[in-house]
Amino acid sequence: METANLTVAATGVALPLGSEACSISPSPGGVIGPTPGGAVLPGREPPFSVFTVLVVTLLVLLIVATFLWNLLVLVTILRVRAFHRVPHNLVASTAVSDVLVAALVMPLSLVSELSAGRRWLLGRSLCHVWISFDVLCCTASIWNVAAIALDRYWTITRHLQYTLRTRRRASALMIALTWALAALIALAPLLFGWGEAYDARRQRCQVSQEPSYAVISTCGAFYLPLGVVLFVYWKIYKAAKFRFGRRRRAVLPLPATVQVKEALPEAEMVFTTRRPVVAFQMSGDSWREQKEKRAAVMVGILIGVFVLCWTPFFLAELIGPLCACSPSPIWKSIFLWLGYSNSFFNPLIYTAFNKNYNNAFKSLFSKQR
């Protein structure tokens with residue numbers, strides 16, 4: 001009987017996403033719970049607090065919304081024939097990685113958060129599977145964002161050379177490299193014995209804390225694609241600024257000319273009599289300029305959200321093994337789930353700036369009705 005009580009007392013109950021001060025300490029007689037008379041009952045676990053229930057509910061909603069929204073994007077791309085081309089294959093690759101994050105990674109992470117003391121109680125084999133899929137899917141999602149940014153950059157700055165055929169080859173190559181690099185980073189600890197994910201003594205399951213692996217994996221999974229997307233957006237900004245300035249200089253009034261203007265909703269006709277050339281000028285943005293402007297805004301928001309979601313987590317992952325220091329458990333959980341939330345924001349961003357997706361969603365639901 002004493003052995004049973006000690007076993008129960010060793011488990012404890014820890015609040016998910018909470019600090020040690022928020023946990024309920026067990027007594028030597030077992031896990032206790034309050035009673036109306038002030039007495040305690042051995043073996044009875046205290047109920048979760050309202051804050052804990054609220055946090056768990058929000059995380060469950062995040063998992064479900066991430067899975068369903070990315071699945072909707074995949075179904076739309078598969079059913080609409082016009083989407084069976086670039087750049088939608090890059091969007092589909094991103095949606096696949098984000099669906100896997102929601103289906104295989106986030107639920108097990110929530111189970112680990114809910115366990116007593118954030119212990120891993122599902123065994124060594126499942127720990128390795130979970131960590132491998134975690135690194136694989138999150139790395140693939142991050143590199144897919146970089147691939148989308150590169151594709152948009154080449155479309156805006158090299159739209160004459162970057163033909164549809166070239167885009168197909170480039171996108172297929174980027175997708176293959178993305179998943180190959182993600183698989184190499186995820187499986188390196190298992191293939192080369194580069195640290196251990198499961199600590200049987202402490203019942204902990206986490207990415208290998210080997211300093212050399214921490215540096216290489218964080219650089220390959222985040223800092224390198226971060227440099228790519230920041231460079232790409234800087235080039236897009238410079239190209240857009242140059243084009244806008246050139247366009248403003250082009251529409252300045254021409255001296256010593258006789259202009260005959262025909263008012264139109266979005267354009268104006270300008271005829272010059274000095275030369276036998278008839279010029280057509282747009283008073284508003286052309287169709288290509290509007291498309292490029294939407295693409296630039298989409299890339300900027302996509303990169304901004306990506307940086308905000310993943311930077312805290314990867315800073316902690318890089319600094320922790322190098323200086324043998326680590327943030328508190330509550331901050332580690334916040335950084336981790338903030339990174340996971342990027343898989344929820346990705347489809348929202350790249351579909352919100354594409355009217356074709358909105359029309360496809362409407363037609364898809366109208367047909368189902």
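The values are calculated or read from the model by the stated rules, or taken from the named source; none is laboratory data. Since the model is a prediction, treat every value here as computed from it, not as a measurement. Neighbour counts run over all protein chains shown; Cβ positions are idealised from the backbone, glycine included. These accessible areas exclude ligands, DNA and RNA; they are computed on the full protein's heavy atoms, side chains included. Shrake-Rupley method; radii C 1.70, N 1.55, O 1.52, S 1.80 Å.
Filtering segment 321-333 to residues that are open to solvent by 10 Å² or more (accessible area, probe 1.4 Å), in a helix (DSSP H, G or I) and at pLDDT 80 or above leaves 329, 330, 331, 332. For segment 334-363, the tally of residues that are open to solvent by 50 Å² or more (accessible area, probe 1.4 Å) and small (Gly, Ala, Ser) stands at 1.
Scanning segment 199-240 for residues that are at pLDDT 90 or above and open to solvent by 80 Å² or more (accessible area, probe 1.4 Å) yields 216, 224, 230, 231. Among the residues of segment 193-238, the ones that are assigned to a loop (DSSP other than H, G, I, E, B), under 19 Å from the mean Cα position of the chain (by Cα) and more than 16 Å from residue 336 (Cα to Cα) come to 0 in all.
You will find that of 147, 180, 188, 172, the residue that is more than 18 Å from residue 313 (Cβ to Cβ), without any contact (Cβ under 8 Å) to a residue 12 or more places away in the chain and in a helix (DSSP H, G or I) is 180 and no other.
Quick check: is even one residue across segment 85-106 part of a helix (DSSP H, G or I), over 18 Å from residue 346 (Cβ atoms) and hydrophobic (A, V, I, L, M, F, W, C)? Step through it out loud before you land on a result.
The initial filter retains those residues of segment 85-106 that are part of a helix (DSSP H, G or I), namely 88-106.
Okay, now just the ones that are also over 18 Å from residue 346 (Cβ atoms), so none.
No - not one qualifying residue is present in segment 85-106.
Is one or more of the residues making up segment 57-68 in contact (Cβ under 8 Å) with a residue 12 or more places away in the chain, of a type in the set (Phe, Trp, Tyr) and touching a Phe, Trp or Tyr at 6+ places or on another chain (Cβ under 9 Å)? No, because not a single residue in segment 57-68 is in contact (Cβ under 8 Å) with a residue 12 or more places away in the chain, of a type in the set (Phe, Trp, Tyr) and touching a Phe, Trp or Tyr at 6+ places or on another chain (Cβ under 9 Å).
Selection of segment 137-166 for residues being in contact with a helix residue (DSSP H, G or I) (Cβ under 7 Å, 6 or more places away or on another chain) and among the charged types (D, E, K, R) yields 151, 152. If you scan segment 155-169, which residues turn out to be part of a helix (DSSP H, G or I) and surrounded by 16 or more Cβ atoms within 10 Å (Cβ to Cβ)? Those that are part of a helix (DSSP H, G or I) and surrounded by 16 or more Cβ atoms within 10 Å (Cβ to Cβ): 155, 156, 157, 167. In summary, residue 115 fulfils each of the numbered conditions (1) of a type in the set (Gly, Ala, Ser); (2) open to solvent by 20 Å² or more (accessible area, probe 1.4 Å); (3) touching a Leu at 6+ places or on another chain (Cβ under 9 Å) with the single exception of condition (2).
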